[in-house]
Amino acid sequence: MSVLIIDGGTPLKGRVTAQGCKNSALAILAAAALCEDKVYLTNVPDIGDVKTMMGILRSLGYKVTWGNGLTIKPGVIKNYDLTHTGAGAIRGSLLFLGALLGRLGKVVLPMPGGCNIGTRPIDLHLKGLSLMGADLDIQGGNIVGVAPGGLKGAYVYLDFPSVGATENIMIAGALANGETTIENAAQDQQVVELGKFLMACGVKIHGLGTKVIRVKGKKEIGGVTFRISGDSIEAGTYAIAAAATRGTITVDGVDVTFLRPLLFKLQEAGIEVVVTNGHEVTVLPSPRPKGITIKTMPFPGFPTDLQPLMMSLLATAEGRSVITETVYDGRMGHVSELWKMGANIEVEGNTAIITGVEKLTGAPVVANNLRAGAALVVAGLSAEGRTVVYGMEHVMRGYSNIHQKLRALDAKVELVSDEEAVNIA
Ligand code: EPZ
């Protein structure tokens, strides 16, 4: 268990490089289970969720080693039952459904965990894979799947452009017999990147980044060397932190296409941003932001993963802001912690009405999920006085070296254990 102690009020300044994209890495690690030969991945973020996925691959029989990059060498696959592998702790493990049904024709997977942000059903994953010939059942808290005759290409319409369901069906489609069409597919960064990985493995895919994706299955998939691109949500986190502290930073190493929705909203709030070469964003020093309205939506809408962070920024905006969360039914857990710091936020269902205050004040707060924790870190950086963020292990699941990166941007932060925090805080 770890705790971040933040002495707030210092404007961030400097340059930071985005880590490799967390959610792309998770999808690609699951897809690596399809490969018969060595997979070598670079720019993999050193975060908790990646380590969990590495553990799952090892339990399947893959040799996974981390040097300059991550090497995944297939051995004899000795396992298809992931109930005791830590898979139940994260949502990304759900993608082993498609991977193992494709590779082995059978799988047992604990119901996935992940962030506490709402009900998060898995019906679209199950429906899609069933259409492809899998027989899936929930038994004793596990998903038990078989595809006795192998998976076959199918036409799958998604009621909602679910990122995970799109990915699972793409992964399953890669080894299916025939062509799989996904209609109303997700268009997010990790979906596009998973597709690029599969294409680099020789799978034919059309329509990546659009609402209709077609995957032509292969009999066998070899190995590949692949670089994971910069994480737009991590990059966005640092950009928002700069704006919240009225600082100026440059974030590089990220495809700005996936940051556009955020950049539009920052500009609407009066924060100046400059984009260079499509891969670099500079947030210029700005006065107090103005209140704005945000509604989260699947990409290219405003990303739900940045919603809590924008709330921390808008907590000190001039006037009123309205944030409506439409992707998840329970992603307002950060509000009660922001109240402790003096924020004026009313919540009605999935809408938060934020009346900006002049400043937040430091307080002890608790992160109950990844992005809520990151939002509290942003609030603490902008607040007057000391903020102590408990539950940083949630944040470390998705942000590599956040404390060191912030320190390099002039922030006064220290990461300590729970025991050390008792003496310092
Ligand atoms: C991915 O989750 C990300 N996680 C999430 O990142 C992100 O918030 C989300 O996409 C949306 O962008 C990973 O990639 C590991 P969804 P995923 O399926 O795939 C409903 C972060 O902070 N739904 O698009 O689980 C679901 O309940 C996180 O990094 C169904 O109803 O997202 C939710 O309301 C957290 N049935 C909505 O769709 C299903 O079968 C979006 O979920 C599947 C989803």
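Nothing charged except the Cβ atoms of Lys and Arg (+1) and of Asp and Glu (-1): what's the magnitude of the dipole of the range 22-227 about its Cα centre? Round to the nearest 20 debye.
On the way: 21 positive and 15 negative charges, 101 e Å.
Value, rounded to 20: 480 debye.
Given a Förster distance of 45 Å, report the FRET efficiency between VAL274 and ILE424 from their Cβ-Cβ distance, rounded to the nearest 0.05.
Step by step, r from the Cβ atoms, then E = 0.75.
If packing is taken as the average number of other Cβ atoms within 10 Å across a peptide's residues, how do 202-213, 36-47, 90-101 rank, most packed first?
Working: 202-213: 16.1, 36-47: 18.7, 90-101: 26.0.
Most protected by this proxy first, the peptides run 90-101, 36-47, 202-213.
Need the full-extension length gain, THR355 to ASN79, defined as separation in residues times 0.36 nm minus the C-alpha distance. One decimal, nm.
Extending this stretch completely gives an extra 94.0 nm.
Mind telling me which of ASN142, ASN277, ASN79 comes out most flexible in a GNM of the chain, alpha-carbon contacts under 10 Å?
Maximum fluctuation in the GNM of the chain, among the listed residues, is at ASN277.
Which value in Å is the Kirkwood Rh of the chain over different Cα pairs?
Computed over Cα pairs of the chain, the Kirkwood hydrodynamic radius comes out at 21.9 Å.
By its C-alpha gyration tensor, with a ≥ b ≥ c as the square roots of the eigenvalues, how is the range 22-227 shaped: rounded for a/c under 1.5, else prolate for a/b larger than b/c, else oblate? All intermediate terms of the calculation are to be shown ahead of the outcome.
Details: a/c = 1.25, a/b = 1.11, b/c = 1.13.
Judged from the Cα gyration tensor, the range 22-227 comes out rounded (a/c under 1.5).
Taking 0.36 nm per residue of sequence separation and subtracting the Cα-Cα distance, how much length would be gained by fully extending the chain between GLU393 and ASN68, in nm to one decimal? Intermediate values should be presented prior to the final figure.
Numbers: separation 325, 0.36 × 325 = 117.00 nm, distance 2.46 nm.
Difference between extended and current length: 114.5 nm.
List residues of the range 402-421, by number, whose backbone nitrogen lies under 19 Å from a label position 7 Å along Cα→C-beta of THR17.
Only 402-410 fall inside the zone, counting backbone N under 19 Å.
Please name whichever of GLY86, LEU104, THR52 sits farthest to the positive end of the charge dipole of the chain, dipole taken about the Cα centre and charges placed at Cβ: Lys and Arg +1, Asp and Glu -1.
LEU104
Can you compute 3J(HN,Hα) from phi for each residue in the range 2-16, using the Karplus curve 6.51 cos²θ - 1.76 cosθ + 1.60 with θ = phi - 60°, rounded to whole Hz and x for Gly and Pro?
In residue order, the calculated couplings are 9, 9, 10, 9, 10, 9, x, x, 8, x, 5, 8, x, 10, 9 Hz.
Please identify the trypsin sites (Lys or Arg not before Pro) of the range 215-247 that satisfy two criteria: DSSP loop assignment and at most 12 other Cβ atoms within 10 Å. Which are they? Mind dumping the intermediate values first?
Working: sites: LYS216, LYS218, LYS219, ARG227, ARG246; in loops: LYS218, LYS219, ARG246.
In loop regions of the range 215-247 (DSSP not H, G, I, E or B), the sparsely surrounded trypsin sites (Lys or Arg not before Pro) are LYS219.
How about the range 100-129: which trypsin sites (Lys or Arg not before Pro) there are in a DSSP loop, with at most 14 other Cβ atoms within 10 Å of their Cβ?
Sparse-neighbourhood loop trypsin sites (Lys or Arg not before Pro): none present.
How many angstrom lie between the C-alpha centres of the range 40-60 and the range 224-251?
21 Å
Counting only residues 5 or more places away or on other chains, whose amide H sits under 5 Å from the amide H of LEU151 once H atoms are built in the peptide plane?
ASN177
Where both residues lie in the range 22-227, what percent of DSSP beta bridges are antiparallel, nearest 5? Before the final figure, lay out the partial values.
Details: 25 of 35 bridges.
Taking every DSSP beta bridge with both residues in the range 22-227, the antiparallel ones total about 70 percent.
Grab the beta carbon distance between PHE264 and LYS51, set R0 = 45 Å, and tell me the FRET efficiency rounded to 0.05.
Numbers: r = 35 Å, r/R0 = 0.77.
Computed FRET efficiency for PHE264 and LYS51: 0.85.
Whole Å is fine, so just give me how far the alpha carbon centre of the range 95-132 lies from that of the range 282-314.
31 Å
Values in this text are rule-based calculations from the coordinates and carry no lab data. Because the structure is a prediction, the values reported are computed rather than measured. A quick note on method: Cβ atoms are made from the backbone with ideal geometry, for glycine too, and the neighbour counts reach across all protein chains shown.
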